[in-house]
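Before we start, here is the structure in question, set down as structure tokens.
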Amino acid sequence: MASRSRRPEHSGPPELFYDQNEARKYVRNSRMIDIQTKMTERALELLCLPEGQPSFLLDIGCGSGLSGDFISEEGHYWVGIDISPAMLDAALDRDTEGDLLLGDMGQGVPFRPGSFDGCISISAVQWLCNANKRSDVPARRLYCFFSSLYSALAHGARAVLQLYPENSEQLELITTQATRAGFTGGVVVDFPNSAKAKKFYLCLFSGPSTSLPKGLTESQDADQATELAFTSERAPHKRARRDLLKKSREWVLEKKERRRRQGKEVRPDTQYTGRKRKPRF
């Protein structure tokens, strides 16, 4: 019972829990940033997007834009929706590249049918299982969310929702409403025997049912770590990218190059690119 009392969902509505102080943690806490980035990387892996071409993705519960940053680094476009104004303000301050929308996913995602090639969500869906008002019915809010998400996805697209279910009953409630909305798929559990590393990913298919990806195990993680040490060429570049001073010339040039890879129109580089301008009065 002691661990349950520490669950954020029990402290009140998400728009109040994720205030300015909480949003600041997602910008400054290196451990939280690293965990969020790793879960986003895993979610994109489970999406199985086509290689070599940008996709248009929806980020549910985008928060301060940490997951969106990784999506942009991978060359994709994205739109994020979150219920917390403080978290979205933090995303704007960080100059994220995606479009941001303030909204309650329990009331549905307000997008045209077939708008997105895929959807990810990090640590958000379990919030719908709590009733913060008398009018809140978790099953109804979950169904509204999943049915609108099903409509917003292109036929055959996937949604990968990382979540922290409180118990098996809550997980069954979530999966039942997703199935009612038309999705197929299931739950992928990474590191099922680890108390800290265990992660749940709800993998949903909006088209014909395909085989469910397998979860990672401790032995697989060790093998991947060894393989990455020899074969990963992008990791040093990503670390170097994070070390760039924001708004510096190198930071601006790297951002422009990333936008060119995404197919966006970017002004040519000149000797004035990234220069510091004098303040205007």
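If we keep just the residues of region 49-60 that are out of contact with any Leu (no Cβ under 9 Å at 6 or more places or on another chain) and not hydrophobic (A, V, I, L, M, F, W, C), which is modelled with the highest pLDDT? Don't jump to the end; show me each part of the working.
Pass one, region 49-60, residues out of contact with any Leu (no Cβ under 9 Å at 6 or more places or on another chain): 50-54, 56, 59.
Add one more test, that the residue is not hydrophobic (A, V, I, L, M, F, W, C), and what stays is 50-54, 59.
Working: Pro50: 90, Glu51: 86, Gly52: 84, Gln53: 89, Pro54: 94, Asp59: 98.
Once the filter is applied, the top-ranked residue is Asp59.
Out of curiosity, is Ala2 aliphatic (A, V, I, L, M), modelled with pLDDT under 85 and over 10 Å from the mean Cα position of the chain (by Cα)?
On the way: aliphatic (A, V, I, L, M): yes; modelled with pLDDT under 85: yes; over 10 Å from the mean Cα position of the chain (by Cα): yes.
Yes; evaluated as a whole, the condition is true for this residue.
Now for a separate question. Could you please tell me which pairs satisfy a Cβ distance under 7 Å, a separation of 6+ or placement on different chains, a first residue in region 205-221 that is of a type outside the set (A, V, I, L, M, F, W, C) and open to solvent by 70 Å² or more (accessible area, probe 1.4 Å), and a second residue that is at pLDDT 80 or above and not in a loop (DSSP other than H, G, I, E, B)?
Going by the 7 Å Cβ cut-off, the qualifying pairs are Ser209/Thr184.
Now for a different question. State the number of residues belonging to region 119-134 that are under 12 Å from Cys62 (Cα atoms) and of a type in the set (Lys, Arg). Steps first, please.
Taking region 119-134 and keeping what is under 12 Å from Cys62 (Cα atoms), we get 119-125.
Those still in the list that are of a type in the set (Lys, Arg) too: none.
Total meeting the criteria: 0.
Another question about this same structure. Just checking, how many residues over region 157-174 are open to solvent by 30 Å² or more (accessible area, probe 1.4 Å) and free of Cβ contacts under 8 Å to residues at least 40 places away in the same chain?
Taking region 157-174 as the starting set, the residues that turn out to be open to solvent by 30 Å² or more (accessible area, probe 1.4 Å) are 158, 164, 166-169, 171-173.
This time we only want the ones that are free of Cβ contacts under 8 Å to residues at least 40 places away in the same chain, so: 167-169, 171-172.
Number of matching residues: 5.
Considering (1) surrounded by fewer than 18 Cβ atoms within 10 Å (Cβ to Cβ); (2) in contact with a helix residue (DSSP H, G or I) (Cβ under 8 Å, 6 or more places away or on another chain); (3) closer than 27 Å to Leu49 by Cα, say which one Thr179 fails and leave the rest.
(2)
Here's a follow-up. Applying the selection to region 157-198, what residues are over 22 Å from Phe145 (Cα atoms) and basic (Lys, Arg)?
Scanning region 157-198 gives Lys196, Lys198.
Output the strands (runs of 3 or more DSSP E) that fall wholly within region 29-122 and possess 2 or more residues being open to solvent by less than 20 Å² (accessible area, probe 1.4 Å), or say none. Please lay out each step first, then the result.
Numbers: elements: 56-60, 77-82, 99-102, 116-122.
Output list reads 56-60, 77-82, 116-122.
Quick check on region 145-156: of everything there that is modelled with pLDDT of 95 or more and over 12 Å from Leu128 (Cα atoms), which residue is most open to solvent (accessible area, probe 1.4 Å)?
Keep residues of region 145-156 that are modelled with pLDDT of 95 or more, which gives 145-154.
Within this subset, residues satisfying the condition of being over 12 Å from Leu128 (Cα atoms) are 147-154.
Values: Ser147: 38, Ser148: 24, Leu149: 0, Tyr150: 78, Ser151: 50, Ala152: 0, Leu153: 9, Ala154: 28 Å².
Here the answer is Tyr150.
Criterion first (out of contact with any Gly (no Cβ under 7 Å at 6 or more places or on another chain) and among the charged types (D, E, K, R)) does Arg94 satisfy it? Steps first, answer last, please.
Values: out of contact with any Gly (no Cβ under 7 Å at 6 or more places or on another chain): no; among the charged types (D, E, K, R): yes.
In short, no.
Go through the residues of region 200-210 one by one and say whether even a single one is modelled with pLDDT under 95 and under 23 Å from Trp78 (Cβ atoms).
Taking region 200-210 and keeping what is modelled with pLDDT under 95, we get 206-210.
Still in the running and under 23 Å from Trp78 (Cβ atoms): 206-207.
Yes: region 200-210 contains one or more residues that are modelled with pLDDT under 95 and under 23 Å from Trp78 (Cβ atoms).
In region 131-144, what residues are surrounded by fewer than 19 Cβ atoms within 10 Å (Cβ to Cβ) and within 25 Å of Lys198 (Cβ to Cβ)?
Pro138
The values are calculated or read from the model by the stated rules, or taken from the named source; none is laboratory data. Please read all numbers here as calculations on a predicted model, not as lab measurements. For neighbour counting, all protein chains shown are included, and Cβ atoms are generated from backbone atoms with ideal geometry for every residue, glycine included. Heads up: the accessible areas ignore ligands, DNA and RNA and are worked out on the full protein's heavy atoms, side chains in. Shrake-Rupley method; radii C 1.70, N 1.55, O 1.52, S 1.80 Å.
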